[in-house]
1. Out of the range 230-252, which residues are touching a Gly at 6+ places or on another chain (Cβ under 9 Å) and either under 16 Å from S194 (Cα atoms) or in a strand (DSSP E or B) (or both)?
2. Would you point out which residue out of A208, A172 is modelled with pLDDT under 95 and among the aliphatic types (A, V, I, L, M)?
3. Out of all the residues in the range 142-154, is one or more of a type outside the set (S, T, N, Q), in contact with a strand residue (DSSP E or B) (Cβ under 7 Å, 6 or more places away or on another chain) and either crowded, with 19+ Cβ neighbours inside 10 Å or closer than 25 Å to I51 by Cα (or both)?
4. Within the range 234-270, how many residues are in contact (Cβ under 8 Å) with a residue 60 or more places away in the chain, buried (at least 17 other Cβ atoms within 10 Å of the Cβ) and touching a strand residue (DSSP E or B) at 6+ places or on another chain (Cβ under 9 Å)?
5. Give the residues of the range 114-166 that are under 25 Å from D228 (Cα atoms) and aliphatic (A, V, I, L, M), sorted by residue number.
6. Taking the stated definitions as given, is G200 more than 25 Å from P67 (Cα to Cα), small (G, A, S) and either at pLDDT 95 or above or over 21 Å from the mean Cα position of the chain (by Cα) (or both)?
7. Select from the range 83-114 the residues that are charged (D, E, K, R) and under 18 Å from the mean Cα position of the chain (by Cα) and write down the one among them that is nearest to S265 (Cα to Cα).
8. Of all residues in the range 196-233 being within 16 Å of Y245 (Cβ to Cβ) and of a type in the set (A, V, I, L, M, F, W, C), which is surrounded by the fewest Cβ atoms within 10 Å (Cβ to Cβ)?
Amino acid sequence: MTRTGTVLRRLVAVTAAALLGVAVAPSAAQAKPDPKAPKEFVALSEVDPTIIQEMRYYTEHNFVGEPVDGYKKPMCILTRPAANALHKAQTGLLKRGYSLKVYDCYRPQRAVDHFVRWAEDLGDQRMKPEFYPHVDKTRLFDDGYIAAKSGHSRGSTLDLTLVKLPALPTRAYVPGEELTPCYGPQAERFPDNSVDMGTGFDCFDTLAHTDDPRIQGVQRANRDLLRDALVGQGFVNLPEEWWHYTYKPELFPDTYFDFPVSRKSLAGRN
């Protein structure tokens, strides 16, 4: 056989092998669909549409400074027992001229992972002037502000406040605007239509401890009003955060879910 014929045969063999490899190679892996919420989870708006929702982690106005992973819609999702208990608390507060306002409810694990990545990035300090002015970012894990797991991911924990009715609008946060400390006087903090609780939401400061003795007068009365309304319906407060409550007994005390915060997570379930 001539040299040319040998070269041609080799080219044919190589080409055939390449084509065969393409034919038998597995196709690119399809993206896995997001998990669904268990049937025990509900949208709070379907249980009580009167409760105000200002879902901070869907926005850029939070300690991370950007929308957080897993928040595809600005909605509150909870286990049904927690949502029902919150409705009962709201019913009593409405009679007194107040409404509950939720900042965060169920939180997917992917959001918690986002918090962890942010806490490990010591170069990202853009929201420090508002949310953690007195806390060195290297201390966020040791001081308990950030953790690898959150009770929110179990579905019965939420962050909330009180609003005096009629509720006034709250202006939108403008990314890059000058920030003010979360522990300052209410008139100097970022505007919020909630009553004065002594600090803003997600304030990484000891002044946010529910029973901090420096909180007195109207601020103390407001914290006590929120706590009394919720404790009476089975919620337990986290002492380090006046806004943080968990309904007990938890429906899923040992399970940390990761379905996104979205309508789709609640649709088409068995």
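1. W242, H244, T246, Y247
2. Selected residue: A172, the only one of A208, A172 that is modelled with pLDDT under 95 and among the aliphatic types (A, V, I, L, M).
3. Yes: the range 142-154 contains one or more residues that are of a type outside the set (S, T, N, Q), in contact with a strand residue (DSSP E or B) (Cβ under 7 Å, 6 or more places away or on another chain) and either crowded, with 19+ Cβ neighbours inside 10 Å or closer than 25 Å to I51 by Cα (or both).
4. 17
5. Result: L158, L160, L162, V163, L165.
6. The answer is no for G200.
7. Selected residue: R107.
8. Among residues in the range 196-233 that are within 16 Å of Y245 (Cβ to Cβ) and of a type in the set (A, V, I, L, M, F, W, C), the one surrounded by the fewest Cβ atoms within 10 Å (Cβ to Cβ) is V231.
The values are calculated or read from the model by the stated rules, or taken from the named source; none is laboratory data. Keep in mind it's a predicted model, so treat the numbers as computed, not measured. Heads up, the Cβs are rebuilt from the backbone with ideal geometry, glycines too, and the neighbour counts pull from every protein chain shown.
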